[in-house]
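Remarks on the structure that follows.
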């Protein structure tokens, strides 16, 4: 089977996928067969354009647009006419998806085609979300857009200041992370419900930044209607995901030494999973997510954390300058305060080169993770009330005891 034929089949399959969704939505303009043929047409046009010229591709797109305009004009005379243009736009998108598939851009075509199908399918949920947004919610969304898409690109991505470690772009990226995670948690709650939304917030936060997630949850813990269990669960989930992410980094950098480096990290992952499972079990059904308590984009808290992040960077750089890097454990403890990825990658690389014993590398990474946990505990004590801070400290204390046991006895 030739590549050209496979590309045509992929285009047809993606078109049928979107067409199936439109068919189930009782679209009067196009359905199962029409969308499949539209994507197939795009793939055929791009494949034949090599022989007949690119004008065939342009003619195909323009011809489809004209057909849609005529069909829409005729349909406008029907008494049950719906002026929406979703199906028309979707057909144009699927023509271009067919073009991508016909060119051999299979992954890109699959992603865009699948995304189109999902967007069409979740229409009721998206409309419900839009209707449920208030003025404060829209303000939060626009605030996040300004923070992430206006301010961030304008900041210089280079280091300044004492020890040359303060990077305005990197520090403002922390602001974007915190506001973005808070907003994503809010949307997850709206779309998925309380328990599933909390799970998504914790997992997403751990993948992006467990520290930023801790800032958000600690701030909202003061207003959590269901008590402290929900924000505590989110913090614990995010802190648990960190160890899974660390294992992936080790496997990618030092696959040959993974089995020797990983055991301490795996034990810590098991401890954190057990704690997360316990709080998931204790959480009451329908407990309110902290993201719903207030404005889902807390810029003031994000700015506070960015300043704190910069202060810790300075402290780490000063300690390295004055005491050197001869003590790997000391460096790991300092680096882990702000960045787990950097110490994990560098230590795994040293183990791969044979400059550090794999067992030592595993313990060093666990020590950095424990330092990160201590740092997050400090954030909670700074932003949350004493009741919540004590609860987080008790949970983190169990993790710290487990981690120290791993370092000294494993």
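Taking 0.36 nm per residue of separation and subtracting the current Cα-Cα distance, fully stretching the chain between residue 92 and residue 248 would add 52.2 nm.
Modelled this way, with points 7 Å down the Cα-to-C-beta line, the labels at residue 58 and residue 73 are 2.3 nm from one another. As a rough footprinting exposure proxy, the listed residues 157, 339 were ranked by other beta carbons within 10 Å of their own, and the order from fewest upward is 157, 339. Ordering 131, 24 by the number of other Cβ atoms within 10 Å of each residue's own Cβ, fewest first, gives 131, 24. Panel order for 220, 169, by other beta carbons found within 10 Å of each beta carbon, from fewest to most: 169, 220. Peptides 61-67, 89-95, 263-269, ordered by how many other C-beta atoms sit within 10 Å of their residues on average, highest first, read 89-95, 263-269, 61-67. With a Förster radius of 25 Å applied to the C-beta separation of residue 48 and residue 108, the computed FRET efficiency comes to 0.75.
Extension gain for the segment residue 65 to residue 138, taken as residue separation times 0.36 nm less the Cα-Cα distance, is 22.9 nm to one decimal. Segment residue 146..residue 393, full-extension length gain: 85.4 nm, with 0.36 nm per residue of separation and the alpha-carbon distance subtracted. Our summary gives the stretch 3-121 a relative contact order of 37 percent, counting only alpha carbon pairs under 8 angstrom and 6 or more residues apart.
Here, each number is a calculation from the coordinates, and none is a lab measurement. What you are looking at is a predicted structure, and each value in this text was computed from that prediction instead of being measured. Here Cβ is always computed from backbone atoms with ideal geometry, including for glycine, and neighbour counts include all displayed protein chains.
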